[in-house]
C-alpha cells in the first residue's frame, strides 16, 4: 500500500469508527438498537466473506455457526451462576468451533455448488436437532436468559445499558475486522485467495489445499459464532429460528449486496438490507421480502460486484 | 439362539409392510420433484432454489382451480401448465441474463425468487393452510389399517409422468435436443439447436413437474406457503446422493431415502426420522462423493 493511500484508508477508518462511537449520543433508542443490530449481522456477514469472497466457497450454512454461538452463550448464562460475560463468549466460541470443525471436515471435500448445498444441509441437521431436543434446547420456544454484567475481573463491573452494549459490540466487531483484515493479508490469506483464483494450480505448487480450506471454514465459523454470542447478549434469547437456513441465505444476501471480498462490504450490505427491510415493512408490513427479493435479484443480475465492489482492490491493498 | 428368535419375532412385519408402501408413495412424489431439479442442474448448471416454491405454487393453483371448477383432474392439468409458464417466464427474466456466469450466481438469483414467491403466496392466500379434497375416497384393508387407494394412485401417476418424460427424452426429437444440449452446449448450438430456448423449455418442464407433484401431494397434507422448504431440501439431498444431473440416480435415491425414513418413523418421531436422510447424505459424501447410484468413475 502506498503511503498516501494508507493515510486515506486509516483516516476514513478513524472517521467512520468515531461516527459509530458517538452515534448512541445522537440517535434515539430505536435507531441505536438498530445500529447495534447492523453491526452484529455485519460481523456474521463479514465472517462468511472469508469463505465467499476470499476462498471462493459459498457457504449456505452460516446459520449453524451463528446459532451454536447463541446456544453456547445461552448454556453458559443459564448454567453458571452468576452469569459471566466472558464465559458466555468462550462457550459460544467453543460451540461454534466444534460445529465448524465437523462441518468443515465433510464439506470441504466438495467444491462449488456441492459445497453450498452440503453446508446448507448440515445447518438443517443442527436445526432439526435443536428443534426436536426440547429438554436441552427448549425446542420451538428456545431459551431465555438474563444479560450478564459487563465486567473486567478485578477492575470494574457494571450492568449493560443500550449505550455500553453498543460500544461493546462495536469494539468486538472492530477488533474482528482488524484481525480478519490482517489474516486476509497474511501469507495464509494469500493462499486462500490463490485457492479462489486457481485451486488446481495452488495444489500443484504444493499447498495442502484441503487443510487450508478446513482452517478457513473454522475461522469463518468462529467469527460467525461470535456474532451469535453478541446477538444472544443483545436480545437475551436463543431460538431455533436463527439456525434455520433462511438466516444463512440472508447472510449471503448481505455479502452480495455489499460486495464480496471486501470485508467492510458485507457490513454495508447488512445495513442496506436492514434499512430496506425497515423501509418496506412500513408499506408492505410482513411481506417486505417481496420488494427486497426483487431488488436482490436485480442486484445479482446488474450489480454483481455489490455496493462496495468498485473499492475492492483498494480496500485489500 | 433364543435371542435371535426373539429379535425375529419382535420385528413388526405388518408395520414394516405399511411403511414400505408409505415410503414408496412419498418416494415417488420426491422423485417427481427431484427429477426436475436434477434435469435443470444437468442441462444448465442451475441449482434451482425456487423449486420448492414452484411445487408450492402448483399446489395453490390446484386449490384455486378446484374451487372454481370442482374437478381435480382439470386442476392437475391447469396447475401444471400455469406453473410451467411461470417457470418459463422466470427463466427468461432472471436466469437467461446469468448464462455463462458462475453457477453460484444462479443459486443467489433463484434464492431471491424463492423468497419473493413464498411471501407472495403468504400475501395472496394467507397463513391458514388450504385443503385439496381427494378426487375419490376408496380404501382397502391392509392389516389393521384402512389404506386409501388415492395414495397408491399418487405413486402410479408419478411413475407414469416420470416414465412418459423418460420416453420423451429418449425418443422425442425435442428430447434428443435436450440431451444434446446437456452433453455439449456449444456443439449443440453449432448443430442448429436453439440452446437458450431448450434451457427455457427444460426449466418450464421441471417447474411443471414440481407443480404436478404439488397438486398430487396436496390432499395428503395442508397446502401452505412454507410447504416447499422441506421438499426442496429433501430434493437437494436426493439429487446429491443420486449423483448430480443423473436422472435415474435421483429416482433411485428418492425411493431409497423415503423408504429409510418411513422405516425409521416406526421407532422415532417423524421429525427425527428426517435425520436419517442427513445421515445417508453424510455417509455418501464420505465414501462416494460422486453419488450412490452412479457407476464408479474410472
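The values are calculated or read from the model by the stated rules, or taken from the named source; none is laboratory data. In this text, all values refer to a predicted model and were calculated from it rather than measured experimentally. Glycine also receives a Cβ, built like all others from the backbone with ideal geometry; neighbour counts cover every protein chain displayed.
The table that follows gives values for the structure above.
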item	result
Residue check for residue A:178: surrounded by fewer than 21 Cβ atoms within 10 Å (Cβ to Cβ), modelled with pLDDT of 85 or more, closer than 28 Å to residue A:25 by Cα and touching a helix residue (DSSP H, G or I) at 6+ places or on another chain (Cβ under 7 Å)	no
Subset of the range A:92-136 (residues that are in contact (Cβ under 8 Å) with a residue 40 or more places away in the chain, under 17 Å from residue A:72 (Cα atoms) and away from chain B (no Cβ under 11 Å))	A:92, A:93, A:95, A:96, A:97, A:99, A:100, A:101, A:130
Evaluation of residue A:152 against (1) exposed (fewer than 13 other Cβ atoms within 10 Å of the Cβ); (2) farther than 24 Å from residue A:17 by Cα (one fails), failing number	(2)
Residue selected from the range A:200-243 under the condition over 19 Å from residue A:172 (Cβ atoms), modelled with pLDDT under 85 and in contact with a helix residue (DSSP H, G or I) (Cβ under 7 Å, 6 or more places away or on another chain), by the criterion surrounded by the most Cβ atoms within 10 Å (Cβ to Cβ)	A:243
Residue tally, condition in a helix (DSSP H, G or I) and surrounded by 17 or more Cβ atoms within 10 Å (Cβ to Cβ), over the range A:130-149	4
The listed residue being within 12 Å of chain A (Cβ to nearest Cβ) and under 24 Å from residue B:211 (Cα atoms), out of B:120, B:166	B:120
Pick from the range A:102-114, criterion at pLDDT below 85 and in a helix (DSSP H, G or I), ranking: farthest from residue A:240 (Cα to Cα)	A:112
Segments classed as helices (runs of 4 or more DSSP H), wholly inside the range A:220-317, with at least 3 members that are away from chain B (no Cβ under 14 Å)	A:264-284, A:312-315
Answer from B:55, B:111, B:49 - the residue that is within 14 Å of chain A (Cβ to nearest Cβ) and either assigned to a loop (DSSP other than H, G, I, E, B) or farther than 30 Å from residue A:56 by Cβ (or both)	B:49
Only one of A:211, A:181, A:203 that is assigned to a helix (DSSP H, G or I), touching a residue at least 60 places away in the same chain (Cβ under 8 Å) and either within 26 Å of residue A:9 (Cβ to Cβ) or over 21 Å from the mean Cα position of the chain (by Cα) (or both)	A:181
Unique match (being farther than 21 Å from residue B:33 by Cβ, assigned to a strand (DSSP E or B) and touching a residue at least 24 places away in the same chain (Cβ under 8 Å)) among B:147, B:174	B:147
Selected residue [closer than 12 Å to residue A:254 by Cα and out of contact with any strand residue (DSSP E or B) (no Cβ under 8 Å at 6 or more places or on another chain)] from A:303, A:274, A:315	A:274
Filtered residue count, the range B:99-108, keeping only those that are without any contact (Cβ under 8 Å) to a residue 12 or more places away in the chain and at the interface with chain A (Cβ under 7 Å from one of its Cβ atoms)	3
Positions within the range B:64-89 being modelled with pLDDT under 90 and either within 14 Å of chain A (Cβ to nearest Cβ) or not in a helix (DSSP H, G or I) (or both), in sequence order	B:70, B:71
Pairs where the first residue, in the range A:146-175, is farther than 16 Å from residue A:231 by Cα and the second is assigned to a loop (DSSP other than H, G, I, E, B), C-beta under 8 Å, 6+ apart	A:159/A:147
Residue B:133 vs. criteria modelled with pLDDT under 85, surrounded by fewer than 16 Cβ atoms within 10 Å (Cβ to Cβ), at the interface with chain A (Cβ under 10 Å from one of its Cβ atoms) and part of a loop (DSSP other than H, G, I, E, B)	no
Selection status of residue B:92, away from every other protein chain (no Cβ under 11 Å), in contact with a strand residue (DSSP E or B) (Cβ under 7 Å, 6 or more places away or on another chain) and under 23 Å from residue B:52 (Cβ atoms)	no
Identity of the residue in the range B:61-79, touching a residue at least 60 places away in the same chain (Cβ under 8 Å) and closer than 18 Å to residue B:125 by Cβ, that ends up farthest from the chain's Cα centre (by Cα)	B:66
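This table checks each residue for (1) surrounded by fewer than 22 Cβ atoms within 10 Å (Cβ to Cβ); (2) within 14 Å of another protein chain (Cβ to nearest Cβ); (3) not in a loop (DSSP other than H, G, I, E, B).
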position: A:30; (1), (2), (3): yes, no, yes
position: A:37; (1), (2), (3): yes, no, yes
position: A:58; (1), (2), (3): no, yes, no
position: A:67; (1), (2), (3): no, no, yes
position: A:74; (1), (2), (3): no, no, yes
position: A:82; (1), (2), (3): yes, no, no
position: A:86; (1), (2), (3): yes, no, yes
